[in-house]
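Working notes, structure below.
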Amino acid sequence: MSARMKGLFVGMGGMWNHVFTAEQQGRLGEMVEFYAPPQTAEMVQANPEILREADVVIGAWGMPKLDAAMLAHAPRLKGVFYAGGTIRGFVSDAFWERGLIVTSAWAMNAVPVAEYTVAQIVLSMKQTWMHMRRMHGAKGTERPGRLPMAGVMPTSTVGLISLGMIGQRVARMLQAYELKVVAYDPFVKPEVARELKVELVGLEELFGRSDVVSLHTPWLPQTVGMITGAHFAAMKKGATFINTSRGAIVREAEMIEVLRQRPDLVAVLDVTYPEPPEAGSALYELGNVFLTPHVAGSCESESKRMGESAIGELGRFLRGERLEWSVSREKAAMLA
């Protein structure tokens, strides 16, 4: 297969430099001929004919929807090599029906999410966030007493909801700590759980036993509202809930009500629904809620790892080798 296929980069403004270093851009230029400067979704939508020469698209966050109308302008297109995670925003029935290849860097995005999660778990075991809030509230007038804390001990339990790419990575990283790990995932095989050194339990039992609960379930139609107020009400005294997945999986109104009634619980939310929370949301006011602006995934220089994944996949495609991170229509339906 020719190494001089024609390529086009499409992503949000500035994304070309966000996901690729100058050195990575140079390697891409040696692999394919870029016949136009980096494009945004708006540019492609205004001038879909720009796709006519593209054999491959190298994409990042901000891809336009590649539906039948758009693909009619891309007769040569063979595949999209995506330096991002979820592909849901741009694939379509027409995309799949044409048999196009799509690869995703979702596995690379799992790295910083898992690292962030483990850091939050360790800090939560020490009640760091509530201690911090109390120190700030005291404003130096007193030294607040220490709250009861589980600590990173063999007697402490972490509950992981879903053992996909991120959940499994978190489980492996937690093997370095003296912690009990339980998990809920009705699809994981027992031998995988044994290798990860986790105990498979029901969702209700997980919430009832865990000192820290971490959510890693993908946002699918069947998972919307999966975590209810009853789950939060069943949590141990002083337990923490961490969400780095998607806010829509949690019934947030029910969660808020329990957090109002249970000030001993803590919620560390990197994601919400909607995102960010609406003005006036109780999530901004509750003293036991800690919000971050969706930073667990790849940010700044971490995004270059995703760019490297797209480069690797493009190289394998050009050499006629098996792709490592291609996404099928069936697999796409199960990913976030």
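Brief remarks on what is shown
- If you go through region 214-238 and pick out every residue that is in a helix (DSSP H, G or I), among the small types (G, A, S) and crowded, with 17+ Cβ neighbours inside 10 Å, you end up with 1.
- Close pairs (7 angstrom Cβ cut-off, 6 or more residues apart or separate chains): of a type in the set (G, A, S) in region 130-157, part of a helix (DSSP H, G or I) anywhere: A150/M125; G151/M125; S156/M125
Condition check ((1) in contact with a helix residue (DSSP H, G or I) (Cβ under 7 Å, 6 or more places away or on another chain); (2) touching a residue at least 60 places away in the same chain (Cβ under 8 Å); (3) not assigned by TED's automatic domain parsing to the domain that holds R322) across all residues:
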residue: E49; (1), (2), (3): no, no, no
residue: G62; (1), (2), (3): yes, no, no
residue: L66; (1), (2), (3): yes, no, no
residue: M70; (1), (2), (3): yes, no, no
residue: A74; (1), (2), (3): yes, no, no
residue: V80; (1), (2), (3): no, no, no
residue: G89; (1), (2), (3): no, no, no
residue: R98; (1), (2), (3): yes, no, no
residue: S124; (1), (2), (3): no, yes, yes
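- Complete set of residues in region 32-47 that are in a helix (DSSP H, G or I) and either touching a Phe, Trp or Tyr at 6+ places or on another chain (Cβ under 6 Å) or surrounded by fewer than 20 Cβ atoms within 10 Å (Cβ to Cβ) (or both): A41, E42, M43, Q45, A46
- Residues in region 244-271 that are assigned to a helix (DSSP H, G or I) and within 23 Å of E115 (Cα to Cα): G247, A248, I249.
- Qualifying positions in region 245-268 - closer than 21 Å to P221 by Cα and surrounded by 16 or more Cβ atoms within 10 Å (Cβ to Cβ): S245, R246, G247, A248, I249, V250, R251, E252, E254, M255
- Filtering region 14-30 to residues that are surrounded by fewer than 19 Cβ atoms within 10 Å (Cβ to Cβ) and either in contact (Cβ under 8 Å) with a residue 60 or more places away in the chain or under 22 Å from V91 (Cβ atoms) (or both) leaves T21, Q24, R27.
- Restricting region 254-280 to residues that are of a type in the set (G, A, S) and without any contact (Cβ under 8 Å) to a residue 12 or more places away in the chain, the residue that is farthest from P148 (Cα to Cα): A279
- When S309 is tested against (1) modelled with pLDDT under 95; (2) polar (S, T, N, Q); (3) assigned to a helix (DSSP H, G or I), just one condition goes unmet, and that condition is (1).
- Scanning region 77-111 for residues that are modelled with pLDDT under 95 and assigned to a helix (DSSP H, G or I) yields W106, A107, M108, N109, A110, V111.
- In region 161-194, the residues that are in a helix (DSSP H, G or I), within 26 Å of G85 (Cα to Cα) and without any contact (Cβ under 8 Å) to a residue 40 or more places away in the chain: Q168, A171, R172, V192, A193
- Residues that are out of contact with any Lys or Arg (no Cβ under 8 Å at 6 or more places or on another chain) and surrounded by fewer than 19 Cβ atoms within 10 Å (Cβ to Cβ), drawn from region 166-179: R172, M173, A176, Y177, E178
The values are calculated or read from the model by the stated rules, or taken from the named source; none is laboratory data. Here the structure is a predicted model, which means the values were calculated and not measured. Cβ coordinates were reconstructed from backbone atoms using ideal geometry, including for glycine residues, and neighbour counts include every protein chain displayed.
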